[in-house]
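The values are calculated or read from the model by the stated rules, or taken from the named source; none is laboratory data. Computed from a prediction, not measured in an experiment: that's the story for all the values here. Glycine gets a Cβ as well: all are built from the backbone with ideal geometry, and neighbour counts include every protein chain shown.
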Amino acid sequence: MDYVNRFRTGKEKKEVLERLKAGKVDIIIGTHALLSKDVQFKDLGLLIVDEEQKFGVASKEKLRSIKVNVDTLTLTATPIPRTLQFSLMAARDLSVIRTPPPNRQPIQTEVRVFNEDLIRDAIMTEFNRGGQVFFVHNRVLDLPGIVEAIKRICPETDVAMAHGQMDPEHLEQVLVDFIDRKFDVLACTNIIETGLDIPNANTIIINRADMFGLSDLHQLRGRVGRSNQKAYCYLFAPPLSVLTPEARKRLKTIEEFSDLGSGFSVAMRDLDIRGAGNLLGGEQSGFIADIGFETYQKILDEAIQELKETDFKDLFKEELAQRGSYVRDVTIETDVEMLIPDEYVSNTQERLNLYTELNNIRDEEGIAAYAKRLEDRFGKMPRQVGSLFDGLRLQWLCKKIGFERLILKGGKLRCYFISDPQSSFFETAQFQLLLAFLQKHGRVMGLSLKQTNKELILVQDELRGGLPAVKRLLEQLGEVLTSGAA
């Protein structure tokens, strides 16, 4: 095992890379230096990317291009939106560790305007309890002035300075001295963001926090509170009224999610703010903020399924056959009231939650349990809720048969097959069996098929009995598909 970083000499790096190429180094640890063209592996089998949010799309793809088939494990407290999106759409496996180390406390986080009195109070409070302070300012040219300002505001404290442009040996010595408590305050850039574990430092002040990304802020805040002491994080920014909407959202998010193990929640909000970007490219831009995460996810999922059923149907033939349904969403249009009335559940948010819960039910047992909970909470169900359940049952049947839309108005029934004429659904044995049944029995049942320029429609002009009659009809069609007999 060996490592490469900027603290090693050119001669040492050359020797390490030669041994790596020869296969004499089993494990190599390094920074972005491993992306260099000089680095060659004899047989790379596992790639572990720690602090994944620090590697851009181009960097990670370059790492993977070293070898086509390489197992990859990425570790991060706050995955970047693109990586998180891949996990949410099941393109990558995701494991979340929410359990914090024992005796840790949440970090108290406050967004404030720059104020010297507040700086003095924060630093002296930590100083008087024997702790140390980070003061983060991400402009190297301004750091000497920041150091002088802290010395003027808090003359009792010893202040050191650290940034990435310092000589490596000098920087290392400053950090070692700070760990050894020779300094009370460390004025620094975000160089301390990762890999620094100083249990005695439990206050961090981040100047111009509006200039940092959510991942940066969460990582910087994680430099304190690494013991059983109560920790504090102060985010200094201009008044919220002059900040961009995105900056306000970032600061509000980092202030809101201060509990231990909240990194995943921060990353989800980052995805919502920035968008997932181009999943097949390097751009980190998107329109998710305009349409919402769930709608975006739905559109993306539909596009993927469409590709599976058309351009790549031969590759996914087995998956499509196992799934048994080519329809993802069914639209039901009827003149029957299907809803949860306002007078039954008065709270708007509660009704939305109930609709969401209902949409996730997949069987009769789920409906029965849902109905029991409704009656326990809100009393006897009105008939509109019963019709809503009937509509859900119709959706299940439509998916099974292959209908994307069902319209029942004025006693006339229209069932629309999948709108895409290129869908492999029309090549299935299921569709052929249904056609054979309708040709044989359709006229007797009052059913007919109508072909328009765009869609194939199952029509019944005189249907009596409302939703229950439609349910019986679709169940009969479903039984034909199940039995395999036309």
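Per-structure values
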| item | result |
| --- | --- |
| Count of the stretch 250-299 residues which are in a loop (DSSP other than H, G, I, E, B), modelled with pLDDT under 70 and either of a type in the set (S, T, N, Q) or in the same structural domain as L84 (by TED's automatic domain parsing) (or both) | 3 |
| Some residue of the stretch 394-417 being at pLDDT 90 or above, of a type in the set (S, T, Y) and either more than 18 Å from E475 (Cβ to Cβ) or not in a helix (DSSP H, G or I) (or both) | yes |
| The listed residue being farther than 23 Å from E306 by Cβ and modelled with pLDDT under 90, out of R443, R472 | R443 |
| Test set (1) at pLDDT 75 or above; (2) exposed (fewer than 12 other Cβ atoms within 10 Å of the Cβ) - L354 fails condition number | (2) |
| Matching residues, the stretch 238-263, being closer than 17 Å to E110 by Cβ and of a type in the set (S, T, Y) | T253, S258, S262 |
| In the stretch 5-35, the residues that are under 30 Å from L214 (Cβ atoms) and free of Cβ contacts under 8 Å to residues at least 60 places away in the same chain | N5, I29, G30, T31, H32, A33, L34, L35 |
| Number of positions in the stretch 117-166 that are under 15 Å from T189 (Cα atoms) and free of Cβ contacts under 8 Å to residues at least 24 places away in the same chain | 5 |
| Those residues of the stretch 445-464 which are assigned to a strand (DSSP E or B) and either among the β-branched types (V, I, T) or not assigned by TED's automatic domain parsing to the domain that holds L434 (or both), in sequence order | I457, V459 |
| Residue that is surrounded by 18 or more Cβ atoms within 10 Å (Cβ to Cβ), in a helix (DSSP H, G or I) and in contact with an Asp or Glu (Cβ under 8 Å, 6 or more places away or on another chain), where the choices are L481, L467, L473 | L467 |
| Residue match in the stretch 142-150 (condition: in the same structural domain as R181 (by TED's automatic domain parsing) and in contact with a Lys or Arg (Cβ under 7 Å, 6 or more places away or on another chain)) | no |
| Tally, over the stretch 224-240, of residues that are more than 13 Å from L260 (Cα to Cα) and not polar (S, T, N, Q) | 9 |
| Residue ID - nearest to the chain's Cα centre (by Cα), chosen from residues in the stretch 178-198 that are surrounded by fewer than 15 Cβ atoms within 10 Å (Cβ to Cβ) and at negative phi | D197 |
| Residue that is surrounded by the fewest Cβ atoms within 10 Å (Cβ to Cβ) [pool: residues in the stretch 199-222 that are within 21 Å of the chain's Cα centre (by Cα) and over 22 Å from D184 (Cβ atoms)] | G213 |
